[in-house]
Protein chains: 2
Amino acid sequence: MKIVKAQDMDMKREVEYGSEEQNAAVRQIVADVKLEGDAALLRYTEEFDHVKLDAGALRVTEAELKAAYDHVEPSFITAISAAADNIRAFHSRQKRNSWMDLQPDGSLLGQIIRPLKRVGVYVPGGTAAYPSSVLMNVIPAQVAGVPEIVMVTPPATAGKQGIDPYILVAAAEAGVNEIYRVGGAQAIAALAYGTASMAPVDKICGPGNIYVALAKRQVYGVVDIDSIAGPSEIAVLADDSADPVYIAADLLSQAEHDVMASAVLVTPSAEFAAACQAEVERQLAELPRRDIAERSIADYGAIILVDSIDEGIAAINRLAPEHFELVVQDPLAYLGKIENAGAIFLGPYSSEPVGDYFAGPNHIIPTNGTARFSSPVDVDDFIKKSSVIYYSKEALQANGEMIIELARREGLEGHARAIEVRLSGD
Amino acid sequence: MKIVKAQDMDMKREVEYGSEEQNAAVRQIVADVKLEGDAALLRYTEEFDHVKLDAGALRVTEAELKAAYDHVEPSFITAISAAADNIRAFHSRQKRNSWMDLQPDGSLLGQIIRPLKRVGVYVPGGTAAYPSSVLMNVIPAQVAGVPEIVMVTPPATAGKQGIDPYILVAAAEAGVNEIYRVGGAQAIAALAYGTASMAPVDKICGPGNIYVALAKRQVYGVVDIDSIAGPSEIAVLADDSADPVYIAADLLSQAEHDVMASAVLVTPSAEFAAACQAEVERQLAELPRRDIAERSIADYGAIILVDSIDEGIAAINRLAPEHFELVVQDPLAYLGKIENAGAIFLGPYSSEPVGDYFAGPNHIIPTNGTARFSSPVDVDDFIKKSSVIYYSKEALQANGEMIIELARREGLEGHARAIEVRLSGD
């Protein structure tokens, strides 16, 4: 892991927009499913997943869901259920009420906050299927009050038929209402436009391969989509009160995700930097996903030496990391100075996996510097707001002339007259 | 205005993505400004706006701002200032606090809510420059606590030099901190990447022509952008308790915006429908923007006859209109049934222009059916959230094994070990 003195370190990586061929293929799939519905959905499922289904078999049955519980260890059920409880408790704190502001002139202004009606969650197949991601996408929607939460996932991955029972158990624990065995761009198109077997949704979320990502981008506007996540990142700001064994393990837990994952340590201590560097090497040698982590550390890892914790905080604010661990003496003294970070982990026991799996906050967090202006997934992502205006006759008569003035100034005489007819009305 | 019985009326219109040539031109402008900064900004300003500036003259001075007040009527200042106060009061109700949840095991979980640091507002030139839009874009950012709000607007429009004084007064009343005389795709690029004269922002909002819209789309990800608005819409659900003169005026106030604007009346009364139809014809004949309104009414206007108010509400929920006026006896009885509408206007005196200019709720509202899943602009559009996790040693020891179980299940041994080293630590 390279140690750099001055830091113009940048965690930004290129966003994947797909090739022209991939985009064209996805456009064709989306257009076909929009036009032909189930027929296209089943045809593409046979073509890409090598599974021949009829429309009646698309939906996963209650019996299959029950059977999944028999295929997973009780310790897994205990853990996923405890995680679901924590995630539910944390997100429940985010709920907001509709509100009304009553004016002395009898008018009433407000905002109505409602859940979306129907949400679709994409879950990739195979080793990219993470039960924890099912919880993190589904539970905020459920807490928001979304009455219909639909999951889609491929019927087979890499030649292996069937849906991972761990995913099914996670879906049941999270509160999914309907599950369909369909994946790829065709699943996204079915969620957006609906087919005879699948009613259309209002929003699609969840990770997927490049075809899924491109399909989501193409249907955006017809439905809402979540933001498309970049490779994962961690930045750790630690002083020599931290344990290099802990910090190295945390850096590697990020690096093992992906060769493009980024792990950065910022520290004012050259000694601590050297100790972490050695510890990363030592732990890396024993890591099952060593090949991935090694490339990630080489390409996107760094140790940045700074003159002070405050200079370190400034570096963090420039990076705007997805995950940020602050492991210094008196971390609370610095919390107010952190401007840009998706999730902030304080102190020696708040290892990133605590948040990835269990504590309650969402693990879907802005990447690639976008924590400067965006936020972890939460209940707000599954609600919509309507403004409400009830204007009294008294209010209109008191303010009508000012409204007319502003409308005429903008050359919109029709707007002015809509007020005027009411002023002269009686 | 055509009366239709069954309603498969659809307010949706095509979204404008620009031609390949327009996209290529914008890509070039954005790339040049990113690379060359002010030099490219000034070159494109000369090319497109026919105004030769040096970098020192880009920023509008305090003296110019003061002079603008001398060029506008006192009645305008009174009206825009009253509107600004109302908009500020309404948006102030939306502010939220950071929160912390203290756990019995000593852990602490929470969300930190902060304003974005710097926001750019685009204001088009010429007749497309609306003082009210300046308020509606700037004030929510200001209420959110954004410390730096920057406005950009072309230095000349249609050969006419200078910035409209009404826009400058609106900017001052709204609380803009910096104004630059620069427009088009070059202004968007400067906001996104910064130049020597203009520091980069975190988010760009505000309407513009197709080049501005394409530039915003291209820089999205580098900065946040607002959603790109479609043509404006109104749907009115009225029974025969309503006054056809009022309703016709409201439909026309929408239709005069744009030939693609949409105005729809839904009513259970054939008599009322006929009266509104006649009244629209009568008022249309006298409207200054008659040509625009006439085409809008012909192409995107309709009167939809329904069997009951409830059937009308169902039609509204399908349309998901930007603006919705509910002018029936006892409108409160139906408020709970409205699922999809950006802004809801209740009763005879809540004419849409009341909301467009004055009452306080934002007039930037989802169009084209997207009220199904999105919301009017508000303070939430100018904040970002960070999750905070402080996990105690006690909490990690109580839950560590479950976290390890979930990490191993996902094949992420590095994640498991980051917990394990802490459990065995002491």
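Annotations for the structure displayed:
- Sum of side-chain charges, A:S75 neighbourhood, beta-carbon under 11 Å (Lys, Arg +1; Asp, Glu -1): -1
- Backbone geometry of region B:336-347 corresponds, through the Karplus equation with coefficients 6.51, -1.76 and 1.60 at θ = phi - 60°, to 3J(HN,Hα) couplings of x, 8, 7, 8, 10, 6, x, 9, 10, 10, 10, x Hz, x marking Gly and Pro.
- Percentage relative contact order, region A:37-225, counting C-alpha pairs under 8 Å, at least six apart: 26 percent
- Taking GluC sites (Glu not before Pro) in DSSP loop states with no more than 16 other Cβ atoms inside 10 Å as exposed sites, chain A has its longest site-free stretch at A:17-285.
- Under-5 Å amide H pairs with A:V266, H placed in peptide plane, nonlocal only: A:V236, A:L237, A:A238, A:I304
- For region A:186-251 versus region B:373-426, the gap between their alpha-carbon centres in whole angstrom: 17 Å
- Diffusion of region B:76-116 by Stokes-Einstein, at 20 °C in a medium of 1.002 mPa s and with Rh set to the Kirkwood radius over alpha-carbon pairs, works out to 161 µm²/s.
- Peptide-level mean, for A:70-77, of C-beta atoms on other protein chains within 10 Å: 2
- Ascending distances from the B:A278 label point to its copies in the other chains, with the point 7 Å along the Cα-to-beta-carbon line: 9.6 nm.
- Label distances, nm, A:K160 versus same residue in remaining copies, Cβ-directed 7 Å point: 6.9
- Each other residue within a Cβ distance under 9 Å of B:G400 adds +1 if Lys or Arg and -1 if Asp or Glu, for a net charge of -1.
- Amide H contacts of A:Q103 (H built 1.01 Å from N, under 5 Å, at least 5 apart or other chain): A:L108, A:L109
- Near A:K337, once Lys and Arg are set to +1 and Asp and Glu to -1 for all other residues with Cβ below 14 Å from its Cβ, the sum equals -1.
- The apolar share of the surface of chain B, taken as the fraction of accessible area on carbon and sulfur atoms (1.4 Å probe, ligands and nucleic acids excluded), comes to 52 percent.
- Interface residues, region A:129-145 - accessible area loss of 40 Å² or more versus chain alone, probe 1.4 Å: A:Y130
- For region A:342-402, alpha-carbon Rg and Dmax in angstrom: 21.6, 63
- Chain A, closest residue to the rotation axis toward B, by beta-carbon, whole angstrom: A:D380, 3
- Position B:H71, label points 7 Å along Cα→Cβ, spacing to each other copy in nm (shortest first, one decimal): 7.2
- With all projection directions averaged, the alpha carbon convex hull of the protein assembly as shown covers 35.7 nm².
- Estimated buried accessible area (total), pair B and A, 1.4 Å, Å² to nearest 100: 9900 Å²
- The trypsin sites (Lys or Arg not before Pro) found in region B:25-74 that occupy coil by DSSP, while having at most 13 further C-beta atoms within 10 Å, are B:K52.
- Using only alpha-carbon positions in chain A, the gyration tensor eigenvalues give semi-axes of 41, 34, 21 Å once each is multiplied by 5 and square-rooted (largest first).
- Distance violations [Cα-Cα > 31 Å] among B:K117/B:K337; A:K95/A:K160; B:K52/B:K216; A:K34/A:K66; A:K216/B:K216; A:K66/A:K385: B:K117/B:K337; A:K95/A:K160; A:K34/A:K66; A:K66/A:K385
- Put simply, the amide H of B:T367, placed in the peptide plane, has neighbours under 5 Å in B:G230, leaving out anything fewer than 5 places away on its chain.
- For region B:223-287, the spread of Cα positions along the three principal axes, ordered from largest to smallest, is 52, 27, 15 Å.
- GNM flexibility winner over chain A from A:N177, A:N86, A:N399 (Cα, springs under 10 Å): A:N399
- Candidates A:D250, A:D38, A:D101: whichever shows maximal mean-square fluctuation once chain A is modelled as a Gaussian network with Cα springs under 10 Å: A:D101
- A loss of 10 Å² or more of accessible area (1.4 Å probe, protein heavy atoms, ligands and nucleic acids excluded) relative to the isolated chain is seen in these residues of region A:242-275: A:V245, A:Y246, A:A249, A:D250, A:S253, A:E256, A:H257.
- For the residues A:V143, A:V259, A:V388, a GNM of chain A with alpha-carbon springs under 10 Å puts the largest fluctuation on A:V388.
- Overall shape of region B:37-225 was characterised from the C-alpha gyration tensor. The equivalent ellipsoid obtained from it has semi-axes of 32, 22, 13 Å, in decreasing order.
- Calculated mean residue ellipticity at 222 nm for chain A: -13500 deg cm²/dmol, from DSSP H runs with n ≥ 4 weighted as -39500 (n - 2.57), summed, divided by the residue count and rounded to 500.
- Relative contact order computed over chain B (Cα-Cα under 8 Å; 6+ residues apart), in percent: 21 percent
- Once the partner protein chains are put back, region A:346-368 shows a loss of at least 40 square angstrom of accessible area, versus the chain by itself, at A:L346, A:Y349, A:P353, A:V354, A:Y357, A:F358, A:A359, A:P361 (probe 1.4 Å, ligands and nucleic acids excluded).
- Residue by residue, region A:18-30 carries 3J(HN,Hα) couplings of x, 7, 4, 5, 4, 4, 5, 4, 5, 4, 5, 4, 4 Hz when phi is fed to the Karplus relation 6.51 cos²θ - 1.76 cosθ + 1.60 (θ = phi - 60°); x denotes Gly or Pro.
- Accessible area (Å², per residue) of region B:37-225, counting only protein heavy atoms and a probe of 1.4 Å: 38 Å²
The values are calculated or read from the model by the stated rules, or taken from the named source; none is laboratory data. Given the structure is predicted, the values throughout are model-derived calculations rather than measurements. Ideal geometry is used to build each Cβ from the backbone, glycine not excepted, and the neighbour counts take in all protein chains shown. Only protein heavy atoms, including side chains, enter the accessible area calculation; ligands, DNA and RNA are left aside. Shrake-Rupley method; radii C 1.70, N 1.55, O 1.52, S 1.80 Å.
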